1. State which residue pairs qualify: first residue closer than 18 Å to Val55 by Cβ and inside the range 212-234, second residue of a type in the set (Asp, Glu) in any location, beta carbons under 6 Å apart, and separation of 6 or more residues or different chains.
2. Here is a list of conditions, (1) modelled with pLDDT of 95 or more; (2) assigned to a strand (DSSP E or B), and Thr329 meets all of them except one; can you say which number that is?
3. Restricting attention to the range 63-82, which residues are part of a helix (DSSP H, G or I) and either small (Gly, Ala, Ser) or under 24 Å from the mean Cα position of the chain (by Cα) (or both)?
4. Output the residue which, of all residues in the range 124-173 that are buried (at least 19 other Cβ atoms within 10 Å of the Cβ) and among the charged types (D, E, K, R), is farthest from Ile215 (Cα to Cα).
5. With respect to the numbered conditions (1) in a helix (DSSP H, G or I); (2) over 19 Å from the mean Cα position of the chain (by Cα), which one is the sole condition not fulfilled by Leu297?
6. Counting only residues that are more than 26 Å from Ala65 (Cβ to Cβ), small (Gly, Ala, Ser) and surrounded by 19 or more Cβ atoms within 10 Å (Cβ to Cβ), how many does the range 174-217 have?
7. Against the definition (in contact with a Ser or Thr (Cβ under 9 Å, 6 or more places away or on another chain) and surrounded by 12 or more Cβ atoms within 10 Å (Cβ to Cβ)), how does Val278 come out, yes or no?
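The values are calculated or read from the model by the stated rules, or taken from the named source; none is laboratory data. Small disclaimer: the values here were computed from a predicted structure and weren't measured. Cβ sites come from the backbone with ideal geometry, for glycine too, and all protein chains shown count toward neighbours.
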Amino acid sequence: MSRLERKADQKLRHFVRWNEQRVGAATGIKMAMRYVFPDHWSFMLGEIALYSFMVLIGTGIFLAAFYSPGDSQVIYHGPYTLLRGEQMSEAYRSVLDISFSVSAGLLFRQVHHWAANLFVASIVLHLIRIVFTGAYRKPRDLTYYVGLLMLMLAVLEGFAGYSLVDDLLSGMGLAIAYSVAMSVPFIGAQLAYLIWGGPFPGSSSFLPRLELFHILIAPMIIAILITVHLALVMRQHHSQFPGPGRRERNVVGTPMWPAYALRSIGLLFAVAGILFLVGGLIQINPIWEWGPYHPYLSENGAQPDWYIGWLIGALRLMPNYEFAIGNHTIIPNPFWGGVLFPMFVFGVLFMWPWAERRLTGDHRRHDLLDRPRDRPVRTALAAAFLSWVALIFFVGASDRVFYRLQISYVGQIHFWRIAIWVIPVIVFFLTRGVCRSLQRSGSHPLRAWQGVVLQRGADGELRLVDVSPDRDTPPDTEEPVGTVPGQEA
């Protein structure tokens, strides 16, 4: 133990003793400080999401102090000369003032926007890792469902955030959202009226209510979901990849204090520092270029934030079909891409753990993760589903492809209406073949040493086994390579 570690341990002992004398929580603190975290870079994706959310809260508090959600029309006389004399909403003017008149306002605006993108992106990557490694299996299926709810709310929260600006881009986004809400069968008109407070663009209370949802209700629910998610992770202990000394009922890695805590604090400062660096150097959402929103205006080539792109792609791909009975339209066209498609995607994700248990009959507890190659069918299905959503996401930029490359927009849509069903099938068979090939070879391209492969023993557990030709031990009596003490789950 180094001098720094001894000093940190002494500080911890003093804190535990001080706490025990006052509130009697020493046992819980000791357990938390001795909690073991597995050592793998992919587990940091969840931490990046957490720290992005912390940056969002901090920058959001700053922005809320200067933002005004009013929709009353004013004449702009601010420092941005190109918009002087223009009529705009009070909300749009307040964001312009934040960008040009408030000290560090533009920096905080851009950091807030970049942090929102990173928050959603890290959750998506974390979800992909969970699906491909089987981390959603019993007993972590509830943790998985909480994460999915968090992702759904994060997408909605991001959309609400950039809709508050009331620039031409966000106004068009709200117009599309209004049409999607109207398309819900039987209750669409009432639902849209309830949300907007009247026909589009809504009543004067719409932006204040949207601000309340964005700065209070949604962050509070996300914070609760994060707390529940972390509590479940610590209660069930982390899952881990197979390796030396790792079994189904232990955790091998780094204890919370002092090693992992200091490492995690370093990651917090790195995430915050990079976000502020990017926010200061790379422009994002220049609302002064879009101009204020008015219902009679539209913008050619407008693109929403990337996490809404998959919904735009679905709206563009859907043929001009509406379900009608007689002269009454029951299901308008925007419903298919704007409501049914996201419901189907998240429905598949929510049913994934149940479907796997039902098809495989595996109801056992799993604390060891799977390498994707060890589950070829699951990996192939996940890759095909991911490619299907990704293709629809890219279709959302088909108008930009037309603008940049002069490829017919109509031709693109007709091509992708077929390709989104053909390409995932190709991805499925290709991925399954690669996984089976890697399974047969036993090779591990990321290992730094030669002759070590992962094999399943007679007891069903996965172990690292040395099969190099210069070993003295016969192949049929191989033992696991190395053991590391772990924390029993």
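1. Ala218/Glu157
2. (1)
3. Once the filter is applied, which keeps residues that are part of a helix (DSSP H, G or I) and either small (Gly, Ala, Ser) or under 24 Å from the mean Cα position of the chain (by Cα) (or both), the range 63-82 yields Leu63, Ala64.
4. In this case the residue turns out to be Arg137.
5. (1) is the only condition that Leu297 fails.
6. Going through the range 174-217 one residue at a time, the tally reaches 5.
7. no
To keep it simple, each residue is scored yes or no on (1) among the basic types (Lys, Arg); (2) closer than 14 Å to Tyr260 by Cα; (3) within 31 Å of the chain's Cα centre (by Cα); (4) modelled with pLDDT of 75 or more.
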position: Glu5; (1), (2), (3), (4): no, yes, no, no
position: Arg17; (1), (2), (3), (4): yes, no, no, no
position: Ala26; (1), (2), (3), (4): no, no, no, no
position: Ile29; (1), (2), (3), (4): no, no, yes, no
position: Phe37; (1), (2), (3), (4): no, yes, yes, yes
position: His40; (1), (2), (3), (4): no, yes, yes, yes
position: Glu47; (1), (2), (3), (4): no, yes, yes, yes
